[in-house]
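The values are calculated or read from the model by the stated rules, or taken from the named source; none is laboratory data. Bear in mind the structure is a predicted one, so any value in this text is a computation, not a measurement. For neighbour counting, all protein chains shown are included, and Cβ atoms are generated from backbone atoms with ideal geometry for every residue, glycine included. These accessible areas exclude ligands, DNA and RNA; they are computed on the full protein's heavy atoms, side chains included. Shrake-Rupley method; radii C 1.70, N 1.55, O 1.52, S 1.80 Å.
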Amino acid sequence: MKNVRVRFAPSPTGPLHIGGVRTALYNYLFAKKNNGTFILRIEDTDQTRYVENAEKYIIDALNWCTIPFDEGPDKNEKFGSYRQSERKEIYKKYAVELINKGKAYYAFDTADELNFHRKDHETKGKTFIYNWHNRAKLTNSISLSKEETNKRITNGDKYVIRFKMHDSSKGEHGIIATTDIIRGHVSFKTELLDDKILFKSDGMPTYHLANIVDDHLMEISHVIRGEEWLPSLPLHIALYNAFDWKSPEFAHLPLILKPVGKGKLSKRDGDKLGFPVFPLAYTNTETNEVSRGYKEDGYFADAFINMLALLGWNPGTEQELFSLKELSEVFSLERVSKSGAKFNPEKATWFNQQYLHQKSNEELAKLFIPILEKNVISDEMKQSQNLNRLPHSYAPRNEKELFNIDYVEKVVSLIKERASFVHDFWNLSSFFFVAPTEYDAKAVKKQWKESTPSLMKELIPVLEEISDFTSPNIEIIIKEFITSKEIGFGKVMQPFRLSLVGALKGPHLFDIAEMIGKDETINRINKTIEIL
Ligand code: GLU
């Protein structure tokens, strides 16, 4: 394949929606697969929609997703600035070049005049389109003489530059056709299209002009972007033709759809539907409204990326779990589907769960420790550095640690199968760190009988006797105790679990007892007898 150079070209009008992240990801994967270059270009020519912190958000999001750009703002700037607002001098000359070639024209129509035409058409049940069939009747360099046009320009009259989309006088056949890598053959009738503005009266290019000039100057080989840009394709191709430039290849990605019902998953859907639509949390500086992000909701970046990759692309096999590196090896645009991809929030959770299960206990323990600190260590304990109140088995081994990491790793190994997120760990394992303070009422009613306290009191000396306080050993001895009493196992096991955990949940009970240690086990039984 030719030298592959692709770009992600967001407009900094707010946070990136997951659809935008997926566009960036597919560009990144396509570049890596083909030993190409992934470029970030900030398309900020529309000053009215510019949002101050959006560029930083976009870059932070790409970095969190571990899909950094090779060239972009302030990085490997081989092709000049990658912010269009810093390239604005470049565009005018191209618009003028098209005028000189007879492919574009100056238009002086005021906003009021255009509004008048729009309203007038509306009352007749028609739509006003500025194009070949009326341009000769409107106020522009086609209808005005050369002298009048020049006079208006030197007078400082406001004008825009419009593209001559369809030229009936030249007997054009009026069809623009091309092959989109995803959609196949696409064609458009130019006579139905309007004469789009290329250059605005504020001295800025429109998206269309800046976008294709930059794609040309930055030697972009493939344009991979969302389906919402498909209607712009005929204009872009017509512009490449008008400049006599070779056009890049195009691939228009399918929409990401709402989980239920019809329609595109929009920026506003997120918090409304109960899941994030942004990679990172975002605070709107005007309204102070905060939107959730995948990162802050506890997703691993690799799980998020894996989930997004399969939203519109499939590997052609049953495989669902792919590292970024694997994706870069197998990705192809030919396997991107034409039809929209329904977003499935449960599936997103499933991906995170799969990644969590694959991660090492050590990595997970390190992520869990800050949560433990918040829950277990009171401010008072932190200040006095008096962590001795932690039961010995999970108390720190040295001054640098707040928790014994080996202990936390062991806890993680016992509970991770039941978790989808690291923030699930605390609920699944709090009893490994603190004695229960509450007891599940339903369970107490069912399992803590009148005879239970005396039975539990009998159990305590049995536990005290155990010198090798390990799970298998505790199990043998307690079972012997139960058999000798000639009672059902549940009579002892359920109250025992209630005492250690506070509820009838959690991993293997004897593992818990071993982990918290003999003293803590006995303390908890005593405390439960007292409270219940
Ligand atoms: N600036 C456009 C956007 O915000 C770029 C579209 C394109 O990739 O051509 O998505």
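Taking residues in region 122-133 that are of a type in the set (D, E), and partners anywhere that are open to solvent by less than 80 Å² (accessible area, probe 1.4 Å), the pairs with Cβ atoms closer than 9 Å and at least 6 places apart or on different chains are E122/F128. Scan region 1-28 residue by residue and report those that are hydrophobic (A, V, I, L, M, F, W, C), near the ligand (Cβ under 8 Å from one of its atoms) and not in a strand (DSSP E or B). Of everything in region 1-28, just one residue is hydrophobic (A, V, I, L, M, F, W, C), near the ligand (Cβ under 8 Å from one of its atoms) and not in a strand (DSSP E or B), namely A9. I42 meets the conditions (1) over 15 Å from I224 (Cβ atoms); (2) touching a Ser or Thr at 6+ places or on another chain (Cβ under 7 Å) in every case but one. The failed one is (2). Scanning region 315-343 for residues that are assigned to a loop (DSSP other than H, G, I, E, B) and polar (S, T, N, Q) turns up T317, Q319, S323, S332, S337, S339. The conditions of being surrounded by 17 or more Cβ atoms within 10 Å (Cβ to Cβ), in a helix (DSSP H, G or I) and at pLDDT 95 or above are met by T149. Taking every residue in region 336-359 that is more than 24 Å from F250 (Cβ to Cβ) and pairing it with any residue that is part of a helix (DSSP H, G or I) and open to solvent by 50 Å² or more (accessible area, probe 1.4 Å), at least 6 positions away or on another chain, the pairs with Cβ-Cβ distances below 7 Å are Y355/D302; H357/E417.
Which residues, taken from region 289-305, are assigned to a loop (DSSP other than H, G, I, E, B), modelled with pLDDT of 95 or more and touching a Pro at 6+ places or on another chain (Cβ under 9 Å)? Write out each step before concluding.
First, pick out the residues of region 289-305 that are assigned to a loop (DSSP other than H, G, I, E, B): 289, 292, 294-300.
Okay, now just the ones that are also modelled with pLDDT of 95 or more, so 294-300.
Selection gives Y294, K295, E296, D297, Y299.
Where helices (runs of 4 or more DSSP H) fall wholly inside region 432-525, no range has 2 or more residues that are within 25 Å of F403 (Cα to Cα), touching a residue at least 60 places away in the same chain (Cβ under 8 Å) and in contact with a strand residue (DSSP E or B) (Cβ under 9 Å, 6 or more places away or on another chain).
Being open to solvent by less than 10 Å² (accessible area, probe 1.4 Å), small (G, A, S) and away from the ligand (no atom under 14 Å from the Cβ) is true for just one of A54, A31. Which residue is that?
Working: A54 fails: away from the ligand (no atom under 14 Å from the Cβ).
One residue alone meets the criteria, A31.
Figure legend. Inter-residue proximity from region 5-23: first residues hydroxyl-bearing (S, T, Y), second residues within 7 Å of the ligand (Cβ to nearest atom) and part of a strand (DSSP E or B), beta-carbon distance below 8 Å, spacing 6+ or different chains. Indicated pairs: T23/R225; T23/G226.
Within region 62-88, residues that are under 14 Å from R5 (Cα atoms) have Cβ atoms under 8 Å from residues that are polar (S, T, N, Q) and surrounded by fewer than 19 Cβ atoms within 10 Å (Cβ to Cβ) in these pairs: D70/N76, counting only partners at least 6 apart in sequence or on another chain.
Within region 100-137, the residues that satisfy the criterion of being aliphatic (A, V, I, L, M) and crowded, with 18+ Cβ neighbours inside 10 Å are A104, A107.
Report whether or not L193 is in contact (Cβ under 8 Å) with a residue 60 or more places away in the chain and under 30 Å from D297 (Cβ atoms). Walk me through how you get there before you give the answer.
Details: in contact (Cβ under 8 Å) with a residue 60 or more places away in the chain: yes; under 30 Å from D297 (Cβ atoms): no.
It is false that L193 is in contact (Cβ under 8 Å) with a residue 60 or more places away in the chain and under 30 Å from D297 (Cβ atoms).
For region 214-258, the tally of residues that are aromatic (F, W, Y) and under 14 Å from A24 (Cα atoms) stands at 0.
Figure legend. Inter-residue proximity from region 226-239: first residues over 26 Å from G102 (Cα atoms) and open to solvent by 10 Å² or more (accessible area, probe 1.4 Å), second residues more than 11 Å from the ligand (Cβ to nearest atom) and part of a strand (DSSP E or B), beta-carbon distance below 7 Å, spacing 6+ or different chains. No pairs are indicated. Selection of region 155-182 for residues being open to solvent by 40 Å² or more (accessible area, probe 1.4 Å), in a strand (DSSP E or B) and not small (G, A, S) yields I175, T179.
When residues in region 236-270 are screened for being within 15 Å of the ligand (Cβ to nearest atom) and in contact with a Pro (Cβ under 8 Å, 6 or more places away or on another chain), 1 of them pass. Candidates in region 209-221 are the residues that are within 11 Å of the ligand (Cβ to nearest atom) and open to solvent by less than 10 Å² (accessible area, probe 1.4 Å); of these, the one that is farthest from N3 (Cα to Cα) is A210. In region 240-250, the qualifying residues are those that are out of contact with any Phe, Trp or Tyr (no Cβ under 9 Å at 6 or more places or on another chain) and open to solvent by 50 Å² or more (accessible area, probe 1.4 Å), and the one that is nearest to I182 (Cα to Cα) is E249.
Return yes or no: is S201 polar (S, T, N, Q), under 16 Å from T45 (Cβ atoms) and within 14 Å of the ligand (Cβ to nearest atom)?
Numbers: polar (S, T, N, Q): yes; under 16 Å from T45 (Cβ atoms): yes; within 14 Å of the ligand (Cβ to nearest atom): no.
No; evaluated as a whole, the condition is false for this residue.
Yes/no per residue for (1) of a type in the set (G, A, S); (2) out of contact with any helix residue (DSSP H, G or I) (no Cβ under 6 Å at 6 or more places or on another chain); (3) open to solvent by 10 Å² or more (accessible area, probe 1.4 Å):
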site: A435; (1), (2), (3): yes, no, yes
site: M456; (1), (2), (3): no, no, no
site: F469; (1), (2), (3): no, no, yes
site: K479; (1), (2), (3): no, yes, yes
site: V492; (1), (2), (3): no, no, no
site: P495; (1), (2), (3): no, no, no
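Any residue in region 38-55 that is part of a helix (DSSP H, G or I) sitting within a Cβ distance under 6 Å of a residue that is among the polar types (S, T, N, Q) and open to solvent by 10 Å² or more (accessible area, probe 1.4 Å)? List the pairs, counting only those 6 or more apart or interchain. Hits for this filter: R49/T13.
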